[in-house]
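The values are calculated or read from the model by the stated rules, or taken from the named source; none is laboratory data. It should be emphasised that the depicted structure is a prediction, and the values quoted were computed from it without experimental measurement. Ideal geometry is used to build each Cβ from the backbone, glycine not excepted, and the neighbour counts take in all protein chains shown.
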Amino acid sequence: MTSIDLWGGMDALTNWLMDDVLGALFNWLGLHGLADFLMSDTLGTVIMLLLIGIFVFIVGFLVDITMIWQERKMLGRLMDRRGTMVGPLGYFQNIADGLKTFLKETIIPENADEGVFNLVPVLYIGTSVLLLGTLPLSTQWYMSNSELGVLLTFAIFCIAPFVILLGGWASNNKYTLIGGMRAAAQIISYEIPLFLAVVSVIILTGSMNYGDIVAWQQANVWLGIPLIIGFIVFFIGIIAEAERVPFDLPEAEAELVEGWGTEYGGFRFGLMMLTDYFRGYAGCAVVVLLFLGGWDGPGFIPEEIWFLLKAFIVFAVMIWVRGALPRVRTDQILSIGWKRLLPLAAINVFIAIALKALGVF
Amino acid sequence: MAKMWINMGPQHPMTHGLWNLRIEVDGETVTNSEPVIGYLHRGWEKMVEDRTYPQIIPMADRLCYGSSYTWSHVYCLAVEDLMELEVPERAKYIRVIADELQRIASHLMWLAAIGPDLGNLTIFLYAMRERELFMDLFQSLCGARMTYNYTRIGGVRNDTTPEWERDLVRTLDFFEKRMVEYEDLVDRNVVFRMRMEGLAPLSAADAINLGVTGPSLRGSGVDFDVRQDDPYEVYENLDWHPCVQPDCDVYARYRVRMDEMRMSVQIIRDALKKMPKGPVRVKPPRYAPEGTGMARMEDPRGESLMYVIGDGTEKPFRLKVRSPFFVTLSAAPVMVNGCKVADVPSIMGMIDVCMGETDR
Amino acid sequence: MTEVTYLTDAFTIDQVKEKITSEFSSDEVKILDKNKPRRIYCTADKDSILKLCTFLKDALNFEHCSCVSGVDRIDCFQVVYHITSYANRITIEIVVDLPHDNPEVDSITPLWGGANWHEREAYDMFGIIFKNHPKLARILLDEDVQFFPMRKDFKSGGL
Amino acid sequence: MDLSLFPNAIAMTIDEFKAWSHEVVDELGRSSGIKRLVDKATAPIWSWAQRNSLHPLHFGIACCALEMAAASAPRFDAERVGVVYRSSPRQTDVLLVNGWVTKKLRPALRRLYEEIPDPKWVVAMGECAISGGPWYDSYNVVQGVDTFIPVDIYIPGCPSRPEAMIDGFLKLQEKIKVEQQGTFLDD
């Protein structure tokens, strides 16, 4: 099984850049002190970390705009039309949409709380991009390999609803306020079943590290098969977490205009649009990591490609759901979360405990 | 959270037209509501007093753009009642066919509109796709996609062709298959049912008292259809029955409209079979007599009525339009109060908004 | 869950006409000699319209107010009521004359909620006052409009 | 270049400093010609992005609104040319006026126009929005939307067909292509 060694590669790249190019250049110029500084290990590590961050972001960003393209194109096909057609296969439509927003005027409503209003997109986008750093793409392509990786991911995931509440309040608009309130109401309804489903995974694998979880699945079986109930609960929960139809209540377009983001225009809107798909990608990635064997697959394709392929397939299912289902109501999402998903998740935990206790795995 | 008033409109994705629903919300629950209309008021009734009788037909088309044919039809019926004209038999059948085609097209527009209201865009595109077929039929019948100017005082403008009738039958066969697709998408979908069932109850007594007509009334279990109870044209001779649902909720209103589309297909088939040969138009007098004329008919949205007063000249003295949605909208607070904010679009979408006829 | 209400013929046209003539004097309500299927035409005095409507609703099963129209006859105003019976399948047309200088008539909104916006519209367009109407305000035009556009002395024209 | 405040830079408030530094950088870029150069080089890209991503406001007024809906339906599919409807005026580029404008609506429409961030375009669709159309003698209809907001493209028809609407948007794209806007220089 092949995999791209991100850290090793970046280390080599940094060494080459610092030692063989810049260091040699300054040595040749006679600036030995500066050359020594550039060739020091500390600076090398910092540069390497930066480069890794940039690489992870670039891959995430490419996946992100591909997902937007995938959604628009596939949704178009589900609706019996062609979808976007700017550029090859319509891929450049998102780029045009994104670039355009940077030319737009920035409007801050007169009565808005300006500080919070400006802070919210930063927090929303920042925390969502941060998610990319917690998700490994393969055994060697990761940014952080924390022992508590799963916990870290969900801790970062859960910030956004509060940011939405803040943004809805700061915009000083009634629609955004209701949208923000809905985000807060929604989070208490699906987070608990979601975490219970994760707990079952942790019980079986005995680890919170993505690498270990995937290694366990490679050794035994994809967790989606024994924990099928948990998988379904988790998938529904992650749709709600990523705020996609049918659980996109905070941005319900039918009744709340554009939901909590009504007052955000220009590049803030463009970046927030992008961020929604970062969260969608992160959700798909977590589903793949926890239940669908991560980068497990036949070895003729690199692990990273397997991982991304699975993530795109999971996202395609999300698009399919979006094409088929209407939006549920606020009280209905609460009753779904507490009356349906929570018992199912509890049953799933029992199944996991039973499997562990009986020594099946 | 304190109670607050929200303006849903004039620019709001829920409106489907141009009006403003002011709602008072307590958290997510609507406690009070008040529709504000008049954003499309153009003085239609005043302007037609300055037009001759035939000139008003295209104006009547633009009363409601969702179902333009039925409005020019009811106008011609009212003027024929005033002039005491008898329309040739074939023209009556053609009018009924066009009427039912318009009803299907209008209901498809409604079906398209409720999709985004409930948060699903697919049904919008499916319904619009089939609506194009009916637009094509109208286009080959009278040359326009939406505002047809087809019916005339004393008949219709032109006869149908055999090719058109063949296309019509083919389209109806195709459409019936597609109806199954919509029902798969909506009726067999748990979330759609969850959003519609038991929502916005409107009891039969309330509906009758508030003057609600059309599918919304039949969705409350009242078997009233102008086509049956005050038959015009040739509905008496055709094999059909009104579609009634007893549940009083949004889902019942949805079912009534879906059934009506099927019923319209049945009516058109029957009318095509029974249609006689003959002329399609008689020449109307230029000057209407003094007196009044009144016609009611079943618009896709309910009972439409036109009341025309002639004063012996070539222009009407007064032409009053009873718009079905105008009255149904006045019943909106009864349905909306007490529901959640998220349900407001689906309730309002389910009574089939058309503001052109409401504001006139 | 309510039952489907299937309608039956309760009264024929002749029975309705007879009941009206026996209840009201010819000063109050006059049935016109104009025969069309399922239609009754009559004129009523402006003071007895509420009484007539109450009688129609309670005794004769007229449960649906189709339409309330204002008419400016230049020498007087008219209010034309179209009231329908689902059970009898009859529509009755009642014409009420109002003096031009004081167009006031009793509101029938307490009987039929459906008349509410029709009466508001007649007020908006003609300035006819409906007494005891729950909210008689402009509906189609802006609140601050000073004219009644459907009156014959108002000349239409573009901006 | 106004550098007179420079010695006192330390005593400036943050707002003053922001304004001053912005002015300095602006002036530097302008006088050295860098801005013009960057503008000339990047303008085609921005213009391409703008004209391929025209988001009209989801705002249906009258008859043409149905044709607007039909234009995004499968047969015509306006998304092919980048036309996607957004409900919030803050996130749109085009105000598509598709119907007659009454006196009651005029202030609301004007306000919607103001709410759209620059650069923005107005498309008048159908006879009513162009000139009042069939309601030429109405007491309540504004005779043409261009009496109170500037209009870029007129789409004739009563109602305009969906093809005409898509063609109108293609015309608007051509217009944007000709009027290439840079990023820095407003003139």
Counted residues, segment B:234-256 - those being within 21 Å of residue B:272 (Cβ to Cβ) and touching a residue at least 40 places away in the same chain (Cβ under 8 Å): 3
Would you mind finding the one in C:41, C:81 that is over 25 Å from residue C:133 (Cβ atoms), buried (at least 16 other Cβ atoms within 10 Å of the Cβ), within 11 Å of another protein chain (Cβ to nearest Cβ) and among the aromatic types (Phe, Trp, Tyr)? C:41
Considering (1) modelled with pLDDT under 85; (2) buried (at least 21 other Cβ atoms within 10 Å of the Cβ), say which one residue C:115 fails and leave the rest. (1)
If you scan segment A:297-345, which residues turn out to be among the charged types (D, E, K, R) and surrounded by fewer than 16 Cβ atoms within 10 Å (Cβ to Cβ)? A:331, A:339, A:340
Do we have residue B:296 as within 14 Å of chain C (Cβ to nearest Cβ) and over 30 Å from residue B:171 (Cβ atoms) here? no
Exactly one condition in (1) part of a helix (DSSP H, G or I); (2) among the aromatic types (Phe, Trp, Tyr); (3) more than 14 Å from chain A (Cβ to nearest Cβ) is not met by residue D:139; state its number. (1)
Somewhere in segment C:108-126, is a residue under 26 Å from residue B:213 (Cα atoms), in a loop (DSSP other than H, G, I, E, B) and without any contact (Cβ under 8 Å) to a residue 24 or more places away in the chain? yes
Condition met for residue B:42 (assigned to a loop (DSSP other than H, G, I, E, B), within 14 Å of chain C (Cβ to nearest Cβ) and basic (Lys, Arg)): yes
Return the total of residues in segment A:297-319 being more than 25 Å from residue A:187 (Cβ to Cβ) and part of a helix (DSSP H, G or I). 11
Residues of segment B:6-32 classified as outside any loop (DSSP other than H, G, I, E, B), crowded, with 17+ Cβ neighbours inside 10 Å and within 14 Å of chain C (Cβ to nearest Cβ), total: 1
If you go through segment D:43-100 one residue at a time, how many are among the polar types (S, T, N, Q), at the interface with chain A (Cβ under 9 Å from one of its Cβ atoms) and within 23 Å of residue B:18 (Cα to Cα)? 5
Please work out if residue B:81 is in contact with a Phe, Trp or Tyr (Cβ under 7 Å, 6 or more places away or on another chain), touching a residue at least 40 places away in the same chain (Cβ under 8 Å) and more than 14 Å from chain A (Cβ to nearest Cβ). no
Tell me the residue from A:266, A:294 that is touching a residue at least 40 places away in the same chain (Cβ under 8 Å), more than 20 Å from residue A:197 (Cβ to Cβ) and over 11 Å from the mean Cα position of the chain (by Cα), please. A:266
Give me a count of the residues in segment C:99-110 that are loosely packed, with under 14 Cβ neighbours inside 10 Å and within 11 Å of chain B (Cβ to nearest Cβ). 0
Among the residues of segment D:54-77, how many are in contact (Cβ under 8 Å) with a residue 40 or more places away in the chain and touching a strand residue (DSSP E or B) at 6+ places or on another chain (Cβ under 9 Å)? 8
Step by step: first the residues of segment B:112-141, then only those that are closer than 18 Å to residue A:80 by Cα and among the β-branched types (Val, Ile, Thr), then the one that is surrounded by the fewest Cβ atoms within 10 Å (Cβ to Cβ). Which residue is that? B:122
Is it true that residue A:283 is of a type outside the set (A, V, I, L, M), within 11 Å of another protein chain (Cβ to nearest Cβ) and crowded, with 23+ Cβ neighbours inside 10 Å? no
How many of the residues making up segment B:226-248 are within 12 Å of chain C (Cβ to nearest Cβ), assigned to a loop (DSSP other than H, G, I, E, B) and either in contact with an Asp or Glu (Cβ under 6 Å, 6 or more places away or on another chain) or not acidic (Asp, Glu) (or both)? 9
Residues of segment C:111-159 that turn out to be more than 9 Å from chain B (Cβ to nearest Cβ) and within 20 Å of residue D:107 (Cβ to Cβ), as a count: 8
Limited to segment B:89-106, what total is found for residues that are among the hydrophobic types (A, V, I, L, M, F, W, C) and closer than 16 Å to residue B:179 by Cα? 3
Quick check, is residue B:314 surrounded by 24 or more Cβ atoms within 10 Å (Cβ to Cβ), at pLDDT 85 or above, more than 19 Å from residue B:7 (Cα to Cα) and charged (D, E, K, R)? no
What helices (runs of 4 or more DSSP H), lying completely within segment A:81-193, carry at least 1 residues that are among the aliphatic types (A, V, I, L, M) and touching a residue at least 60 places away in the same chain (Cβ under 8 Å)? A:114-134, A:149-157, A:159-170
With B:334, B:344, B:308, B:327 as the choices, which residue is at pLDDT 85 or above, surrounded by fewer than 24 Cβ atoms within 10 Å (Cβ to Cβ) and among the β-branched types (Val, Ile, Thr)? B:334
Taking segment A:108-153 and keeping only residues that are closer than 14 Å to residue A:271 by Cα and of a type in the set (A, V, I, L, M, F, W, C), one is left with A:119, A:120, A:122, A:123, A:125, A:129
Out of the residues in segment B:204-218 meeting the condition of being among the small types (Gly, Ala, Ser) and away from chain C (no Cβ under 11 Å), tell me which one is surrounded by the fewest Cβ atoms within 10 Å (Cβ to Cβ). B:214
Strands (runs of 3 or more DSSP E) wholly in segment C:1-75 with at least 2 residues that are of a type in the set (Gly, Ala, Ser) and modelled with pLDDT under 80 - which ones? none
Looking at segment D:120-132, is at least one residue more than 30 Å from residue A:261 (Cβ to Cβ), part of a loop (DSSP other than H, G, I, E, B) and in contact (Cβ under 8 Å) with a residue 24 or more places away in the chain? yes
Restricting attention to segment B:54-74, does a residue exist that is surrounded by fewer than 24 Cβ atoms within 10 Å (Cβ to Cβ), more than 14 Å from chain D (Cβ to nearest Cβ), of a type outside the set (A, V, I, L, M, F, W, C) and not in a helix (DSSP H, G or I)? yes
